[in-house]
Amino acid sequence: MTIAPSIPLPGLSRVAVLGAGGASGLAAVAQLLDKGARPDQIVGYEARSTAGGVWNYDGDAGECQAIWSEDGTLLLKTEKEIYDAGRNGPTAVYDELRTNLPAECMTFRNAPHPDGTPIFPTHRGIASYLQNYAKDRELLPLIQFSTLVRQVFHTSGNNDNSKRWTVVAEREDENGQIIHDSQYFIVTNGHFNVPFIPSVPGLNTWRGKLLHSRWWRDAKSVRGRNIVVIGSHASGTDIARDIALDDEASQGSLRKIYQSAREKQKARPNEDQEEQTLYPNTKWKDHVEIVPVIEKVEGDKIYLKGGRILEDVDTLLFATGYLYSKSTPEERALSAGPANRPINLDVTDTFYAPDPTLSFIGLHRFVNPFPLFERSARLIAHCYTRGEIPSLPPLRRDSDIPGDLNIGHPQEFENQDDWLRAIGEVSANVDLPTADFIGR
């Protein structure tokens, strides 16, 4: 294992945090304070009006509009996103959304969820948790809400290190721009914002309604409409169940419900018990017909693998997840090649190698989000307040592919232990955090 040499950094004068209202941004602000940064040295930018990030519920998601690119790619956006590319679209939170990770994986250090929190919390529970976390730790005064960062300029040639980064932003309720100089810049604004629509031949001829789960809120919106839910993972099954339960509650069939799946999903351990706990005395699965994948679309006809044709559908809803996207020029500059692998990052995928005063939280996939966010923030805060990036070992990854963003388990926890050892918060001879930073 090759250990990267230590890197000196300039003394801290000011640090900017992009996306400061979400889970990773709140972790960054909290850890900077915990490591000794003064409140007047931290400025956070958050486009949304409250803390909570993507866990905030947008009751009105806006109209889903289809845009076909010249290469046949389908993009789904709201009107606001079409005419103002920097604006946030609706969050992906729907009425009945629960986490698919246990509450313990959605928790920061020394900040447990309230007593009575279910194993899989609701979206309201997570949003409330983040908002209370921000309030209890007095993070809110350090964050400029309803503020959209339009541009970030790197001024490496400036001899004044306090002006390494220039941030140009604007507030929703004010005219004019805000310009701030910062010595350090932390990007924490997430990477799953662009709805993924798989390529389906003839989809551009579809005459019915086209949706993505990002616009889903509740089953009432599709009453009277026969629907195909495309996707069989968490959101697809949630949405099919929501519609079926609405049918059941109405004591009749309000529509036909198809769920298109590539393969039958294996039942999770204790899945039947969970179903009966959350949805007692229901037979919602009887209302949903599982069908094969869609091979092509012609007007109002849907051709399924195996030869069956559906001609009674007027709504296609894609519950197919999100593209891994980079929303800032700083992030887009990290990628190269057909595999879109990051370049110019240090061995931890945290610091920008040409100028480590720029750093990132949350680039990886298949991880426990809140613990990883917090430990990444801990590493960054230590380095920026101490004026040095210590010698760090390279990341353990799921594969030997350079720049592979898939981490998973147990590599995620081993990497976190490595980071804490490097900054002196875990003994080199034990595998547990010291009292200064307790808890996995």
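Read-outs throughout are calculated quantities, based only on the coordinates presented, and are distinct from any laboratory measurement. Everything numeric in this text was worked out from a predicted model, so none of it was measured. Cβ sites come from the backbone with ideal geometry, for glycine too, and all protein chains shown count toward neighbours.
What residues qualify as long-range amide H neighbours of Gln144, i.e. H under 5 Å apart, gap of 5 or more or another chain, H built at 1.01 Å from N?
Here the answer is Gly44, Tyr45, Glu46, since their amide H atoms fall under 5 Å of that of Gln144.
Using a cut-off of 19 Å between alpha-carbon atoms, which aspartates and glutamates can reach Lys135, once sequence neighbours fewer than 8 places away in the same chain are excluded?
Result set, ordered by chain and number: Asp34, Asp40, Glu46, Asp115, Glu374.
Give, as a single signed number, the net charge of other residues whose beta carbon lies under 12 Å from the beta carbon of Leu392, with Lys and Arg counted +1 and Asp and Glu -1.
Charge balance near Leu392 sits at -3.
For region 79-128, what does the relative contact order come out to in percent, with C-alpha contacts under 8 Å and a separation of six or more?
It rounds to 35 percent for region 79-128.
Going 7 Å from the Cα of Glu79 toward and past its Cβ, which residues in region 23-67 have a backbone nitrogen under 15 Å from where you end up?
Zone members listed by number: 60-66.
Where the centre of each part is set by its Cα atoms, how far does region 53-107 sit from region 189-225, in angstrom?
Rounded to whole Å, the Cα centres lie 10 Å apart.
Work through the residues other than Arg48 whose Cβ is under 12 Å from its Cβ and net out their charges, Lys, Arg +1 and Asp, Glu -1.
The answer is -2.
Based on the Cβ-Cβ distance of Phe153 and Asp95, what FRET efficiency does E = 1/(1 + (r/R0)^6) give at R0 = 56 Å, to the nearest 0.05?
0.85
What does the charge count near Lys301 come to, summing +1 for each Lys or Arg and -1 for each Asp or Glu among other residues with Cβ under 13 Å from its Cβ?
With Lys, Arg at +1 and Asp, Glu at -1, the neighbours total -3.
For region 118-248, what's the relative contact order in percent, using C-alpha pairs closer than 8 Å and at least 6 residues apart?
Relative contact order for region 118-248 comes out at 12 percent.
What's the ranking of 283-290, 232-239, 357-364 by average number of surrounding C-beta atoms within 10 Å, highest first?
357-364, 232-239, 283-290
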